[in-house]
Amino acid sequence: MNKIIRIYCEGKKGSHDYDILEKIIIDLPAIIIEPIGSVRGASAIIQYKEEESSSKSDFKILFRDRDFDKEIPSIPSLEQDENKKYCYFSYRVTIENYLFDVELFYQFIEKHNLKSKYSISNQTDVKNKFIEAAKLIQDYQAIRHTMGKMRLDSNFGTTFMQESGKLPADLTLEYCKKEAYQKIADKKNQLENNWTKQNFDEILANFLTKFDDVFMDNLEFLVYFQGKDFAAAIQKILPEFPTKDYYKFAKEKFDYTKFTDLVKLRELLEANSN
């Protein structure tokens, strides 16, 4: 009798998380993808679902976005949570990050006859457009990483905007610093004494230094920059770009074997299916 394996994930059926996981578990028996919406309160939701289920899991995991909750490892890896052993973090910041690919993007542009509209003639042009979009939001992303590194158990979040994918009207470093630090300062009674503007500036400077021309040329922003924000930046430089249609296309063509952490996820599931 096959073991019952459950993968809990963010979103719902048909979400990017769900669809990508379907690609990863193809041909693996008795693996159930169980969407739980948000990772907030995930432990309680998973416990409830396990207790209420008529068929108990022999093995379960929560696969979730890294977001800005944990630093990105120096090498691509599937990272297990130290405290919640069933929880695993993606290597890239969000699930959307896995869908932006130079080759796939160019194939989509060709298929939909958008080369002339967006002045894209080859994959190099796509790469340059990606870099242009990344540079547009690099200061804002440095701010988000800084807020993520500082917040620990506080609740001021990693952006001063209402949600990811909504970019500030002003993307300058000066404006983003002011808004981010103000949000942190508003929580000062909850913060430790060493959470100062000096610390904020030092952490921010490290990220700004990291996001240099080599970082851009190597497309490392596809790992580090929040996927919804990057998609919004693409929309700014390629007006009316059909993002939803692109996501659908990219998921149809998706190859998980290109990503070390997703390969490790598959191996983990295989090992516990036997």
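The values are calculated or read from the model by the stated rules, or taken from the named source; none is laboratory data. Fair warning: this is a prediction, and the values are worked out from it, not measured in the lab. FYI the Cβ positions are ideal-geometry reconstructions off the backbone, even for glycines, and counts take in every protein chain you see. What goes into the accessible areas is simple: the full protein's heavy atoms, side chains included, and nothing from ligands, DNA or RNA. Shrake-Rupley method; radii C 1.70, N 1.55, O 1.52, S 1.80 Å.
Structural remarks
- When each full DSSP H helix of the chain is screened for a Cα extent of at least 27 Å along its own axis and an average Kyte-Doolittle hydropathy of at least 0.0, none passes.
- Straight-line cross-link partners of residue 129 among the lysines, defined as a Cα under 17 Å from its Cα and at least 8 positions apart when in the same chain: 115, 117, 228, 236.
- Computed from the Cβ-Cβ distance with R0 of 22 Å, the FRET efficiency linking residue 202 to residue 170 stands at 0.40.
- Solvent-accessible area, 1.4 Å probe, carbon plus sulfur percent, for the range 48-149: 40
- With contacts taken as Cα pairs under 8 Å and at least 6 residues apart, the chain reaches a relative contact order of 25 percent.
- Area of residue 151 that stays accessible when all protein chains are in place (1.4 Å probe, Å², to 10): 40
- Here residue 47 and residue 162 are evaluated by their C-beta separation; at R0 = 30 Å the FRET efficiency comes out at 0.50.
- DSSP beta bridge pairing in the range 1-86, given as percent antiparallel to the nearest 5: 10
- Each distinct pair of alpha carbons in the range 192-274 adds a 1/r term; the inverse of their mean, the Kirkwood radius, is 16.6 Å.
- Using a Förster distance of 35 Å, the FRET efficiency for residue 84-residue 13 (Cβ separation, nearest 0.05): 0.90
- Once C-alpha pairs closer than 8 Å and six or more residues apart are averaged by separation and normalised to the residue number of the range 39-192, the relative contact order reads 16 percent.
- Kirkwood Rh and Cα Rg combined as Rg/Rh, the chain: 0.98
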